[in-house]
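The values are calculated or read from the model by the stated rules, or taken from the named source; none is laboratory data. What you are looking at is a predicted structure, and each value in this text was computed from that prediction instead of being measured. Here the Cβ is made from the backbone with ideal geometry for all residues, glycine too, and neighbour counts use every protein chain on show. Areas reflect the complete protein model, heavy atoms only, side chains present, ligands, DNA and RNA absent. Shrake-Rupley method; radii C 1.70, N 1.55, O 1.52, S 1.80 Å.
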Amino acid sequence: MIKKKVSVIVPAYNSEKYVKRCIESIQKQTYKDLQIILIDDGSTDNTLQIFNEIASNDKRICVFSNKNQGVAATRNFGLLNAKGEYITFVDSDDYINKRAIELLVNSLVEKKADMAICNSVLIDVNGDPQLRDSRNYKKSFLNSNVWHEKEFWDHLYNGFWGECTVPWGKLYKTSLFNNLRYPNGKTNEDDYIIYDLIHRCGSISVISDKLYYHMDRINSITNSNSGVGKQFLDGIDAILIRTKKALLNNQNYLVKYSLRAVPTLMVIQFRYRDSKKYKKLKENYKKLFKEANSKGYVNGRERISYFSFYYFQSLYNFIYKVYRKL
């Protein structure tokens, strides 16, 4: 098999405690044809110094230093400088199994897929395994398989939100990102582009191996224990945009999945119901639901749920809280 270069993009901000472990796990990959892109996003600690020290002994490493712009802009910068035919992302406080890239590449090539996904292990700051967050991850893991678009969304909306949405733990054909970038300034930047990435895939290869080790930090936005905050309204916005695209492409199953998810997510952010953004999202949900209803995509039970949420949201919120305690 002809080896094709893989660009490994590592965005980092103030990661001096963990970044060396991250980079070393990439350097030790059994798959050697790598371009390792290390991007310091305006760190105020020794992250950039560590980058430069390690890069001095490995010609595969490219180091970049930018003003602080956030993770989306940093990932986009990595995409702009990627030279490989495949791309993978590794967060700077995470690390990967030494065979991760080899197994992902082999799976993608053998299955003639456009993307490959592996399982992840949640770890704490000491590197010890943690229980998976039941809001975003099932206690079970993904089985080896080949998915098409519908199978991907079936899994995302049925307990595998974490594995399916996040940018890491995946190998992509670089061409998937043609004219596609993460939106700057959004909390859920990965939710905004996942639809387009998946819609471009002919097929997705899934492997059951646990190859990615993701650190669950208490102060990390993406791993917030509560999931409550005005910034998380971005995630609802992303789902509504996804719903609109699914309506345009007549994907009734995805429209139904997405419209079912929105009320629950909005109830979680109920304390922000008086904000302009919340009210705008609620109106967008109403418009999309009515369009889906006109196409015959929703049933009687879903209409009742919509009516209860939209017109009696305080009661809907109360019922949701009682249900969560059962």
Within a Gaussian network of the chain (alpha carbon springs, distance under 10 Å), most fluctuating of SER25, SER56, SER65: SER56
Exceeding the 31 Å Cα-Cα cut-off - candidates LYS287/LYS321; LYS150/LYS186; LYS276/LYS321; LYS5/LYS210; LYS111/LYS287; LYS67/LYS282: LYS111/LYS287; LYS67/LYS282
Bridge type composition, the chain - antiparallel percent by DSSP, nearest 5: 30 percent
Residue among ASP274, ASP234, ASP209 with the largest mean-square fluctuation in a Gaussian network model of the chain, springs linking Cα atoms under 10 Å: ASP274
Dipole axis of the stretch 191-326 (+1 Lys, Arg; -1 Asp, Glu on Cβ), positive-most option in PHE270, ILE207, SER308: SER308
Point-to-point label distance, ILE319-THR264, nm (Cα→Cβ direction, 7 Å offset): 1.5 nm
Estimated inter-spin distance, GLU291 and GLU102, nm [label 7 Å along Cα→Cβ]: 4.8 nm
Net dipole in debye of the chain [+1 Lys, Arg Cβ; -1 Asp, Glu Cβ; about Cα centre; nearest 20]: 1280 debye
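Return one whole number: the accessible area per residue of the chain in Å², for a 1.4 Å probe.
Values: 15940 Å² over 326 residues.
That works out to 49 Å² for each residue.
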Structure-based [θ]222 nm, the chain - -39500 (n - 2.57) summed over DSSP H runs of at least 4, per residue, nearest 500: -13500 deg cm²/dmol
Dipole in debye (nearest 20) - the stretch 187-326, about Cα centre, beta carbon charges: Lys, Arg +1; Asp, Glu -1: 680 debye
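Full-extension gain between ASN249 and SER208, please, as 0.36 nm times their residue separation minus the C-alpha to C-alpha distance. Don't jump to the answer; show the numbers that get you there.
Working: separation 41, 0.36 × 41 = 14.76 nm, distance 3.08 nm.
The span from ASN249 to SER208 would gain 11.7 nm if fully extended.
Normalising by the residue count of the chain, find the relative contact order in percent from Cα pairs under 8 Å and 6+ residues apart.
Values: 540 pairs, mean separation 54.3, N = 326.
Normalised by residue count, the contact order of the chain is 17 percent.
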Separation between Cα centres of the stretch 38-57 and the stretch 76-155, rounded to whole Å: 25 Å
Percentage relative contact order, the stretch 223-320, counting C-alpha pairs under 8 Å, at least six apart: 31 percent
Percent carbon-and-sulfur accessible area, the stretch 1-50, ignoring ligands, DNA and RNA, probe 1.4 Å: 51 percent
Most mobile of LEU80, LEU176, LEU122 in a GNM of the chain (Cα contacts under 10 Å): LEU80
Residues in the stretch 77-120 that a label on LYS5 would reach, taking backbone N under 14 Å of a point 7 Å out along Cα→Cβ: 79-88
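Based on the alpha-carbon gyration tensor of the stretch 140-207 and its eigenvalue square roots a ≥ b ≥ c, which shape applies: rounded if a/c is under 1.5, prolate if not and a/b is larger than b/c, or oblate? Write down the numbers at each step before the final one.
Working: a/c = 1.94, a/b = 1.34, b/c = 1.45.
Taking the square roots of the gyration eigenvalues as a ≥ b ≥ c, the stretch 140-207 is oblate.
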Coarse-grained scattering of the chain at q = 0.08, 0.11 Å⁻¹, given as base-10 log I(q)/I(0) from a Debye sum over alpha-carbon atoms: -0.39, -0.73
For the stretch 1-130: relative contact order, % (alpha-carbon pairs under 8 angstrom, 6 or more apart): 35 percent
Net length gained if the chain between ASN299 and ASP45 were fully extended (0.36 nm per residue, minus Cα distance): 86.0 nm
Portion, in percent, of the accessible area of the stretch 186-286 that falls on carbon or sulfur, probe 1.4 Å: 47 percent
Proximal aspartates and glutamates relative to LYS277, as straight alpha-carbon distance under 20 Å, when same-chain residues fewer than 8 apart are discounted: GLU189, ASP190, ASP191, ASP234, ASP237
